[in-house]
1. Would you mind stating whether residue 276 is at pLDDT 95 or above, closer than 30 Å to residue 215 by Cα and not in a helix (DSSP H, G or I)?
2. With out of contact with any helix residue (DSSP H, G or I) (no Cβ under 9 Å at 6 or more places or on another chain) and closer than 24 Å to residue 106 by Cβ as the only criterion, which of 179, 203, 198, 191 stands out?
3. Considering 110, 141, which residue is on the phi < 0 side of the Ramachandran plot and surrounded by fewer than 21 Cβ atoms within 10 Å (Cβ to Cβ)?
4. In this structure, is residue 418 in a loop (DSSP other than H, G, I, E, B) and crowded, with 19+ Cβ neighbours inside 10 Å?
5. Restricting the search to segment 22-62, which residues are crowded, with 16+ Cβ neighbours inside 10 Å, over 19 Å from residue 515 (Cβ atoms) and in contact with a strand residue (DSSP E or B) (Cβ under 7 Å, 6 or more places away or on another chain)?
6. Test each condition in (1) over 24 Å from residue 426 (Cβ atoms); (2) touching a residue at least 60 places away in the same chain (Cβ under 8 Å); (3) surrounded by 15 or more Cβ atoms within 10 Å (Cβ to Cβ); (4) over 22 Å from the mean Cα position of the chain (by Cα) for residue 379 and report the one that comes out false.
7. May I ask you to verify whether residue 384 is under 19 Å from the mean Cα position of the chain (by Cα), surrounded by 19 or more Cβ atoms within 10 Å (Cβ to Cβ), at pLDDT below 95 and closer than 24 Å to residue 332 by Cβ?
8. Picking from 169, 138, 216, which residue would you name as being in a helix (DSSP H, G or I) and farther than 22 Å from residue 252 by Cα?
């Protein structure tokens, strides 16, 4: 039996964050049901009658629902999980009919987009592991088993930048040239910009060697850094099955990339030729590969993929030095930084930062280069905190925290500012969250919950504008842009974790919860949670039962996958009922709050919350004491 403590501090004036949190849960419940009615069919597919004419698009269908099972895991409605499963099944049938999948998996595309596609699948595996285990094994085996044609165990490479279930899919495009739209060319430029003579006029699109045969020959074969995100798929299978071959593959593949990075001064290169040589198809260049350092996104794609792989390797093998796959490149990018206003930067991510910075777009602040080519570092943007935060959250290492503090010190804008925006990743509020955890902004929980409400309501208005319309292929992002489910605030505040790395990561969390009565993941009805500190030696969690009539029991789990151990817990208590006063008293006195301590020595702690009570837990955690697992506290030992 797990240790049990009982809350005894009376809840007299519910904290604003707790009321706002449960209000957000209620609003989200209405919102996802409205979206389902407006944009999906009875079998779960999206309302789309068109075709898909390029290799792109699979991610846009799955991404629509990526955080629906995540909301269920946080404490969303019981029927949200079967709804999310139905949408995965319906969209999968729909994409198969459109010729995009074979045996339920992407035929062949880059891992920048595959990682986005798979987030929905990963959360479904976490929410209902028994129902998804065989698919997880089958999908991971596409990479772990060389017989499927994706992996070359001799050179320790994934053979192609576009890879998946169709071993016969080659190159990066069908037809004569890569389907690069004029707006994309304006924002991101062209690949292989060195193959045109200096001063040459821009060729007609169909004849441009940067998009045609040169791109097919140089960037369409061999391994590329964004393929590192495939480790998330394999880690998911390892957690579900425990089969050592998945651990061994992650160790082998990530180990090969670590060796390449070490030989390149610590910076992860972005291309490996079929013979295993870095730069073998790029005349020795360590940069220039597909979705690599030069084109189109640079650090934005390479950094996330490398971090997914580093975290997967550390989780699979227990070797914490795996994070050094990322740290040298991250530090080099920061070292190349310049202070400028965003309005003066050569950013290719204008729309993102215009929303995230708001009025501070004209404020001088640290910008770092995201891309590298023959001309050196370029494409300056503020640092996306997703990668530095993910490293620090995992390691709890002073050096990883100090890196974030240096970034904050170099910022020209106030990190405590909460802007009402929702990025593609449904993230971007790491700065004010970090300020809150540092003790600098106690009002953050209520402000981020208010911002989340605003985004739900904004998206519901967008739903009204676009429902019932025929969706053109060029507009298939409409579903993502209208998805009203927002989870970033709940992930930060209740789990004490950052939003999942969007290009294929698995969830990070200091704690997760289970409803003991319902025997399911998530907070019980009327229960709110706030994690205000995430240091392992003192992870602080407040639990509140807002229900004035019904008792609840919450199981607190250490780590997203039960990989951590709660050694001890200090908790608040109120054993003296005299605060109630006498029958004829006109008020009550202040409850006398004391503290108590309990030994846990396990991944789970049960907390009984009688009606209208609250408790503050200070958990002493020991990180990564057991292999990550999808096991729940209700499973047989």
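The values are calculated or read from the model by the stated rules, or taken from the named source; none is laboratory data. What you see is a predicted model, and the numbers here were worked out from it, not measured in a lab. Backbone-built Cβ (ideal geometry, glycine too); neighbour counts: all protein chains shown.
1. Numbers: at pLDDT 95 or above: yes; closer than 30 Å to residue 215 by Cα: yes; not in a helix (DSSP H, G or I): yes.
Considered against the rule, which asks whether it is at pLDDT 95 or above, closer than 30 Å to residue 215 by Cα and not in a helix (DSSP H, G or I), residue 276 comes out as yes.
2. Working: 203 fails: closer than 24 Å to residue 106 by Cβ; 198 fails: closer than 24 Å to residue 106 by Cβ; 191 fails: out of contact with any helix residue (DSSP H, G or I) (no Cβ under 9 Å at 6 or more places or on another chain).
When all the criteria are applied, what remains is 179.
3. Numbers: 110 fails: surrounded by fewer than 21 Cβ atoms within 10 Å (Cβ to Cβ).
Selected residue: 141, the only one of 110, 141 that is on the phi < 0 side of the Ramachandran plot and surrounded by fewer than 21 Cβ atoms within 10 Å (Cβ to Cβ).
4. Values: in a loop (DSSP other than H, G, I, E, B): yes; crowded, with 19+ Cβ neighbours inside 10 Å: yes.
Spelling it out, residue 418 is indeed in a loop (DSSP other than H, G, I, E, B) and crowded, with 19+ Cβ neighbours inside 10 Å.
5. 39, 40, 46, 55, 58, 61
6. For residue 379, the failing item is (1).
7. Numbers: under 19 Å from the mean Cα position of the chain (by Cα): yes; surrounded by 19 or more Cβ atoms within 10 Å (Cβ to Cβ): yes; at pLDDT below 95: yes; closer than 24 Å to residue 332 by Cβ: yes.
It is true that residue 384 is under 19 Å from the mean Cα position of the chain (by Cα), surrounded by 19 or more Cβ atoms within 10 Å (Cβ to Cβ), at pLDDT below 95 and closer than 24 Å to residue 332 by Cβ.
8. Numbers: 169 fails: in a helix (DSSP H, G or I); 138 fails: farther than 22 Å from residue 252 by Cα.
Of 169, 138, 216, the one residue that is in a helix (DSSP H, G or I) and farther than 22 Å from residue 252 by Cα is 216.
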